[in-house]
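See below for the structure under consideration.
The values are calculated or read from the model by the stated rules, or taken from the named source; none is laboratory data. These figures come from a predicted structure and were not determined experimentally. We place every Cβ from the backbone using ideal geometry, glycine too, and count neighbours over all the protein chains shown.
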Amino acid sequence: MKRSRLTWYLLAALLALVPVGVRVLTWKISWSQPVDPAMAQAGEELFNHEWKPEDPLAPDGDGLGPVFNATSCVACHQRGGPGGSGGLESNVTIFTVRNNDGTTRQGVVHARAVRYQETLRHVHPELPAIARPALALLVPLPGREREAIPFPPGVHVSQRNTPALFGAKLIDDLPARVLLAQEKGQRLRWGLAPPESEHLPVGRAPRLTDGRVGKFGWKGQAASLADFVQAACANELGLGNPGHAQPAPLGKPDCRSPGLDLTLEQCDQLTAFVASLPRSVERPPETSRAREDALAGKRLFHAVGCADCHTPDLGPVEGIYSDLLLHRMGQELQGGGSYNGRPVPVPDAEPGEGPLPSEWRTPPLWGVADSAPYLHDGRAATLEEAIRMHGGQGTRSARQFAALNIAAKAQLIAFLTTMRAP
Amino acid sequence: MSRPELSKKRPMAIKFICGCGKHLRARDEMASRRSVCPRCGSPVGIPSLRPTHPGTALGPMTPDERRRARKNALPAPLTSPGPARHEPDRIAAVGPVPAPRPLNLGAVHVLSPEESRREAAAWPGWPLETRWYQCLLYPLRAWRLVLVLAGGLAVLTGAPVQILVPRQEFLVGQQWPFLFAPLFVYLLLACGFLQRVLASARAGEPGPVRPPACGLALLLRSVATWLVCFLAGPALLAAGGFLYWLHCGDLDLLDELILAELVVLAVGSWLLLLLAVSQRGRLLDANPLAVARLVGRVGDRLVVAALAGGVAALAHGRLLLAGLEELHRRPGMGGLLLAGCWLSGLFGTTFLLRLLGVWCHRAPGGSGEPNPLTSADCSPFLPEMPSSRLQ
């Protein structure tokens, strides 16, 4: 080969390597920062603190309220220790209303207030003046269908159950590309099926308006733990902070706070505490017989297709049993509105980019044995009920679970009950 | 008997028989030279115009020459005797025509005299291509095969998605790779066909490609060739590209560029490796050195064409993915896209392999170019000589 030709080939190879080089230089590696113990300790105090109006811990603002759902974080996040899940009594009520002009209004109907109490009537004049509707009023629970109240067209009210926060840091540290890899893998696996599929377990990564991938919340509506904590401070306790203003009462939109209740540092302390919570664990049963059952249950979990969505490992996080992707879960499990963040279109609206009413982020199953009740609004009291209620993309595996014999079902449930809060 | 136009201009005066039984003719200026039999690939000495010893070969090679010749020969076939058969002193033996040798797997596809005669008679107007665009006609001539293969591929790509995916029960757990297993098997058949296209172009055969009727062994050999060539480098690029695609998150322009490069390189290098192997039919030639040697002999256009093939493959890959995606929404449209994609892909590949093969055939040192000084545009050997004419 002549020398000039060789030079050309080398030049071409070099040129081809330029994009690779640039990518290597710009590849973002998110190193996991260890939690500062002092910050976490300060955060623990804030997490357990009973907030009052004009609270001394919030010198610049009005403290608790004007509207709130509870007086402390731990009031809701308490099962299995501080940071755990909550019962039906700590459900949060969310509404979405589509106005006649096509715009939507959404928010939280807060359970309590310092002065101006919110009720369902603020959402729509035809609804009863109830501040804290029981779940049975909103969804036809099995056996209690008659209690459900009819909603005018365009009005959607749903609830959110309190999830456990254990292991939140592991999720926070996950790069978005892990979720996206999961999304691509699921699509490939089902012959490039689009995530609009109502039947195939093909999820999609939740997207925020700014393009980031959401990882927290039932709808995957928050991209980072810090974001969610700031939203929780404002929405649950009425503590305004630099990341999220405190909500004004529904009937009193001009009710203003004198200043911010929390500083950014206080929010960071809270985040540090939540991040310091240990992850849930898989605790094998004591007797060898029960252990074998749980093991058989684990195999069944894969065999009936639960692991399609509840993937055991996600990137570096082992034993999370979730893909953190949004899945369409069918008509029965619809729920509009969003706890915070991006508007969720109401069921009879055109689908947009945001999560659909029937779309839910697969909840991690770690610690599932200690986080009853189940599903986004806690409508399932037991694990078996939760599985039976899987619709949409989960229909097939729920049906396969239903087709198992009693012993096999018990084995699968036995496997799920090995997953305990720390 | 009709013969391609081109050969009429240069009379093929020298007639002789290769050791493998092939009847050959050579142009006058080839007298006393050495060349390679297009059928078995053995070196042959072409008799001088006025042989001093009628019916004997050229003087025997020196040991050194012999070694080189053996190295350059097509492979010692799996089933046929070793290099002894390739010794040049048997080549020009005149007399009773030896029985045709067992099929030489390395050459994959070369006509027997019988076939050649029929071939040339059936395709009087189809000399070996001299211009690149003439190669476009080649897949058209093989249209039935291309159509059948493309149709099969489209069905096997679309059917699993249409029939199996909605019935998820079949595909629980880890069974999902079986979804496309029939497709892969069928793809191997297509490899068999394409390998024949390449081999016949490399051997400089005119006329259309014949259906792969030569049996399982030949098919397996072709498949092995394609697999080995894929594993010898392109596989690494493809796997790297796939993993990068899976794990790079949202694709920005840079990622698209990197992925495109990987695909183009993978397909381009695969083509070049296949070509390198097809020169002598030795799987060991699936290495960069052999490719470099080949490019040095045939020219840089080989690289350009292979990379262009890569670009085309990239476009077709995208079309295939779009078709699969569409299949879930509008099955008719998706099916159409898939069929179009496979048809165009197979057509393009056939064309490209024909072109590359003919280039290799004609380049100096290829059996199609006896003498770098004469601008031969036709094989020195015309394989259509009826044996009766020799006597």
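Within the stretch A:313-326, being of a type outside the set (Gly, Ala, Ser) and either crowded, with 18+ Cβ neighbours inside 10 Å or in contact (Cβ under 8 Å) with a residue 12 or more places away in the chain (or both) holds for A:314, A:316, A:317, A:320, A:321, A:323, A:324, A:325, A:326.
Residues that are touching a residue at least 12 places away in the same chain (Cβ under 8 Å) and more than 14 Å from chain B (Cβ to nearest Cβ) number at least 2 in the following helices (runs of 4 or more DSSP H) confined to the stretch A:3-99: A:37-48, A:73-76.
Do we find that residue A:219 is farther than 13 Å from residue A:67 by Cα, touching a residue at least 12 places away in the same chain (Cβ under 8 Å) and not in a helix (DSSP H, G or I) in this structure? Yes. The listed residues are A:410, A:381, and the only one of them that is in the same structural domain as residue A:335 (by TED's automatic domain parsing) and without any contact (Cβ under 8 Å) to a residue 24 or more places away in the chain turns out to be A:381.
Of the numbered criteria (1) away from every other protein chain (no Cβ under 14 Å); (2) modelled with pLDDT under 95; (3) within 27 Å of residue A:141 (Cβ to Cβ), the one residue A:304 fails is (1).
Figure legend. Inter-residue proximity from the stretch A:129-148: first residues within 18 Å of residue A:389 (Cβ to Cβ), second residues assigned to a loop (DSSP other than H, G, I, E, B) and of a type in the set (Gly, Ala, Ser), beta-carbon distance below 7 Å, spacing 6+ or different chains. Indicated pairs: A:135/A:378; A:136/A:148; A:138/A:148; A:139/A:148; A:140/A:148.
Of the listed requirements (1) crowded, with 23+ Cβ neighbours inside 10 Å; (2) modelled with pLDDT under 95; (3) under 30 Å from residue A:152 (Cβ atoms); (4) not hydrophobic (A, V, I, L, M, F, W, C), residue A:340 misses just one: (1). Looking at A:261, A:268, which one is outside any loop (DSSP other than H, G, I, E, B) and assigned by TED's automatic domain parsing to the domain that holds residue A:239? Exactly one of A:261, A:268 is outside any loop (DSSP other than H, G, I, E, B) and assigned by TED's automatic domain parsing to the domain that holds residue A:239, namely A:268. Any chance you could count how many residues in the stretch A:322-337 are touching a Pro at 6+ places or on another chain (Cβ under 6 Å), modelled with pLDDT of 90 or more and assigned to a loop (DSSP other than H, G, I, E, B)? Of the residues in that region, 1 qualify.
Taking the criterion of being in a helix (DSSP H, G or I) and either surrounded by 15 or more Cβ atoms within 10 Å (Cβ to Cβ) or assigned by TED's automatic domain parsing to the domain that holds residue A:41 (or both), would at least one residue in the stretch A:237-257 satisfy it? Yes. Within the stretch A:115-170, restricting attention to residues that are in a helix (DSSP H, G or I) and of a type in the set (Gly, Ala, Ser), which residue is surrounded by the most Cβ atoms within 10 Å (Cβ to Cβ)? Step by step, filter the stretch A:115-170, then rank; the result is A:168. Filtering A:93, A:119 for residues that are under 18 Å from the mean Cα position of the chain (by Cα) and polar (S, T, N, Q) leaves a single hit, A:93. Annotation: of all residues in the stretch B:219-258 being away from chain A (no Cβ under 14 Å) and closer than 30 Å to residue A:29 by Cα, the one that is surrounded by the most Cβ atoms within 10 Å (Cβ to Cβ) is B:234. Of the helices (runs of 4 or more DSSP H) entirely within the stretch A:352-422, those holding at least 1 residues that are touching a Phe, Trp or Tyr at 6+ places or on another chain (Cβ under 7 Å) and modelled with pLDDT of 95 or more occupy A:383-388, A:406-416.
Only a single criterion out of (1) more than 26 Å from residue B:149 (Cα to Cα); (2) modelled with pLDDT of 90 or more is not satisfied by residue B:169, namely (2).
The residues of the stretch B:135-166 that are modelled with pLDDT under 85 and away from chain A (no Cβ under 14 Å), listed by number, are B:141, B:142. Given the conditions (1) in contact with a strand residue (DSSP E or B) (Cβ under 6 Å, 6 or more places away or on another chain); (2) of a type in the set (Gly, Ala, Ser); (3) surrounded by fewer than 20 Cβ atoms within 10 Å (Cβ to Cβ), and given that residue A:85 satisfies all but one, which numbered condition is not satisfied? Here residue A:85 meets the rest and fails (3). Note on the stretch A:388-407: residues that are free of Cβ contacts under 8 Å to residues at least 60 places away in the same chain and either within 23 Å of residue A:216 (Cα to Cα) or within 14 Å of chain B (Cβ to nearest Cβ) (or both) amount to 5.
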